[in-house]
C-alpha cells in the first residue's frame, strides 16, 4: 500500500464526513445576521422606552409598561405588540436575506431538506410561544411576556440546533436559561428581554462569524 | 494486509458511490435532485451509480407523485448500511495500521 492511495483514502473519508454533515445540518446560518438581529432587538426596546418617556436603565417590568397607559392600557399593549412584531419581522428578513447570501457562497440551496427540518424545529415552538404570549396579554399578565418568549424561543433554538450548526443550540440554551431567570425577576423583565434577544444574539453572531467565517 | 483488502467493497470504489452512501446512511430518504446537488454530478452519472447500488440491494428506490411531478427518492437498505459500515471499518483499519 503506497502513500498516494492512503492519501486518497484519507481524502475520501474527509469528503464523506463533509457530505454527512452537509446533508443533515443547515450550514448557511449567518453570524452577521445574528449581530444585526441583536441590535434590532436592542433598538426595539430603546424605541419602546423612549416612546413612553422611561429613561433607559431604570428597572421596568412589562406590567409597569402596560399599566403606564392607565385607562389606555390597550394602547400600550398595542405598542408592545407593535415593537415585538416589528423586531420579529425585521429579524426574519435579515436572517433570510443573509442566509441566502451564505447559501450562494457555499453553493448550497437556500431551501432544502435540512432547511425544512430546521425551520420546522424552530417554527413550532415560536408559533406556540406567540400564541401563549397573546393569551398572557389577554389575561392581563404582561409580566409573563419576557420569560415566556425567551423560554419558547430558547427551546426552539435548542431543537433547531440539532439540524444546524451546533452554535445555534448553544444560543438556545443561553436564551432558555435567561428566560428561566427572568421569571424570577419580573421587575427587570424588559432588560432580560433585551439581554436574551439582543446581547445574546450579538455574542452568538460574533462567535459564528469568526468561527465559521460567514 | 490481505485481511484488510478482503473487506474492501468493490461496489464502493467510486467516490460518487461512497458519497451517495454517506448521504443515505444519515438521512431517511433523499430525492434524486438533492443527491445531485450535494454531489455535483450529472443526471446520467448519478443514475448509473444509483442503479448499480440498487442492483446490489444497497439502495431502495421509491417513486411517488408530488402533485403532478414524479418524485424519486432513495434510501439505504439494511444490507447497504452493513456493507458501508464494513467498508469504512476496513478503511479505518488500514489507516490506523499505517499510523501506528
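Rule-based calculations on the coordinates, nothing more; no lab input. Just so we're clear, the structure is a prediction, and the values are computed from it rather than from any experiment. A quick note on method: Cβ atoms are made from the backbone with ideal geometry, for glycine too, and the neighbour counts reach across all protein chains shown.
At-a-glance table
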{"quantity": "Estimated distance in nm for a label pair at residue A:13 and residue A:210, the labels positioned 7 Å out from Cα along Cα-to-Cβ", "calculated": "3.2 nm"}
{"quantity": "Label-point separation in nm, residue B:69 to residue B:92, each point 7 Å along Cα→Cβ", "calculated": "3.8 nm"}
{"quantity": "Chain B: mean projected area of Cα convex hull, nm²", "calculated": "7.1 nm²"}
{"quantity": "Sites residue A:78 and residue A:53, calculated FRET efficiency, Cβ-Cβ separation with R0 22 Å, nearest 0.05", "calculated": "0.85"}
{"quantity": "Computed FRET value (nearest 0.05) for residue B:52 with residue A:162, which takes r as the C-beta separation and R₀ as 45 Å", "calculated": "0.85"}
{"quantity": "FRET efficiency for residue B:36 and residue A:120, using Cβ-Cβ distance with R0 set to 22 Å, rounded to 0.05", "calculated": "0.40"}
{"quantity": "Degrees between helix A:31-51 axis and first principal axis of chain A (Cα, 0 to 90, nearest 10)", "calculated": "0 degrees"}
{"quantity": "Label-point separation in nm, residue A:5 to residue A:21, each point 7 Å along Cα→Cβ", "calculated": "2.9 nm"}
{"quantity": "Helix A:145-160 axis, angle to chain A major axis (alpha carbon atoms, nearest 10°)", "calculated": "10 degrees"}
{"quantity": "Which of A:30, B:73 has the fewest Cβ neighbours within 10 Å, and the rest in rising order", "calculated": "B:73, A:30"}
{"quantity": "GNM flexibility winner over chain A from A:77, A:51, A:102 (Cα, springs under 10 Å)", "calculated": "A:51"}
{"quantity": "Relative contact order (percent, whole number), segment A:1-145, Cα cutoff 8 Å, 6+ residue spacing", "calculated": "33 percent"}
{"quantity": "Among A:83, A:16, A:52, residue whose mean-square fluctuation peaks in a GNM of chain A (springs only between Cα atoms under 10 Å)", "calculated": "A:16"}
{"quantity": "Chain A: most fluctuating residue of A:160, A:67, A:148 per GNM, C-alpha cutoff 10 Å", "calculated": "A:67"}
